[in-house]
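Enquirer: First, the structure itself, so that you have it in front of you.
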Amino acid sequence: ASASRFSRFCRLARPRSALDIGSFTGYASSAILEALPEEAELTCLEVDRDYTRLAASQLGGRQANFMVGQAMDALKRFEKQGKTFDFIALDADKPQHGEYYNMSLKLLRPGGVLIMFGMLLFPTLEDQEAMEKLHEILPNDTRITTAQLPVGCGIQLMVKLEGLTPHLPVSPEEAAQRKRWELESEI
């Protein structure tokens, strides 16, 4: 049931390109894939090779690109390449969540969705201190609109506002793209 709820959050972004930072055993990756259309792309970052193998086997050959290594290295490469994502799930090492958050916002398209896990329950004091800093920053960050949901260990749902131009008319190309996404979502 909770994976199904997470898939609905993912669908909010109508993603064509999604990123899972800290994919661990692939549970969130599986829920993200459930929300993606067939031609969409999911990239999963995990530092541990064994967990990456487990996640890949759990997904049973579904369309996902797994990368093993330090997440920040991959995020910096994506930034250099000019890569953007429609949806990002973040559940990696908590002491680096602030850095991951800022880098994720650089990689997230305007109007894209970022979800952070582990916002309320913390296994270590170091994790708690890192997340408390984020609790102070997030509500005042004008680049996003955000809500915290007391589900599981705590979910922070964010939509990137930076770069949105709601005051401008929608171009014919954007209107056609939105209609296509709407039709694909119905299917």
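The values are calculated or read from the model by the stated rules, or taken from the named source; none is laboratory data. In this text, all values refer to a predicted model and were calculated from it rather than measured experimentally. Quick reminder, even Gly has a Cβ in these numbers, built from the backbone with ideal geometry, and neighbours come from all protein chains shown. Side chains are part of the model used for accessible areas, which takes the heavy atoms of the whole protein and leaves out ligands, DNA and RNA. Shrake-Rupley method; radii C 1.70, N 1.55, O 1.52, S 1.80 Å.
Enquirer: Sort Asp86, Asp73 from largest to smallest accessible area, using a 1.4 Å probe on the heavy atoms of the protein chains.
Expert: Correct descending sequence by accessible area is Asp73, Asp86.
Enquirer: Please arrange Met67, Met72 by accessible surface area, largest first, computed with a 1.4 Å probe and ligands excluded. Walk me through the numbers on the way to the answer.
Expert: Working: Met67 50, Met72 25 Å².
From most exposed to least exposed: Met67, Met72.
Enquirer: Quick one: what do you get for the range 130-187 if you divide its Cα Rg by 2.2 N^0.38 Å?
Expert: For the range 130-187, the normalised Cα radius of gyration comes out at 1.59.
Enquirer: Follow-up question, since we're still on this one. I'd like the distance separating the alpha-carbon centroids of the range 110-159 and the range 32-47, in whole Å.
Expert: 22 Å
Enquirer: A follow-up question, please. Which one, Thr43, Gly98, Phe24, is farthest towards the positive end of the dipole of the chain when Lys and Arg carry +1 and Asp and Glu -1 on their Cβ?
Expert: Thr43
Enquirer: So the label point goes 7 Å from the Cα of Arg178 along Cα→C-beta, right? Which residues of the range 148-166 then have their backbone N under 13 Å from it?
Expert: 165-166
Enquirer: For Glu129, what is the net charge nearby, where nearby means another residue's Cβ is under 12 Å from its Cβ and Lys, Arg count +1, Asp, Glu -1?
Expert: With Lys, Arg at +1 and Asp, Glu at -1, the neighbours total -2.
Enquirer: If you rank His135, His97, His167 by how much accessible surface each has, with a 1.4 Å probe, what is the order from largest down?
Expert: Solvent-accessible surface, decreasing: His167, His135, His97.
Enquirer: While we're looking at this one, here's another question. Report, by chain and number, residues whose modeled amide H sits under 5 Å from the one on Gly112, excluding near sequence neighbours (fewer than 5 apart, same chain).
Expert: Those qualifying (amide H under 5 Å, at least 5 residues apart or on another chain) are Lys160.
Enquirer: Convex hull volume of the Cα atoms in the range 36-187, per residue, in Å³?
Expert: 147 Å³
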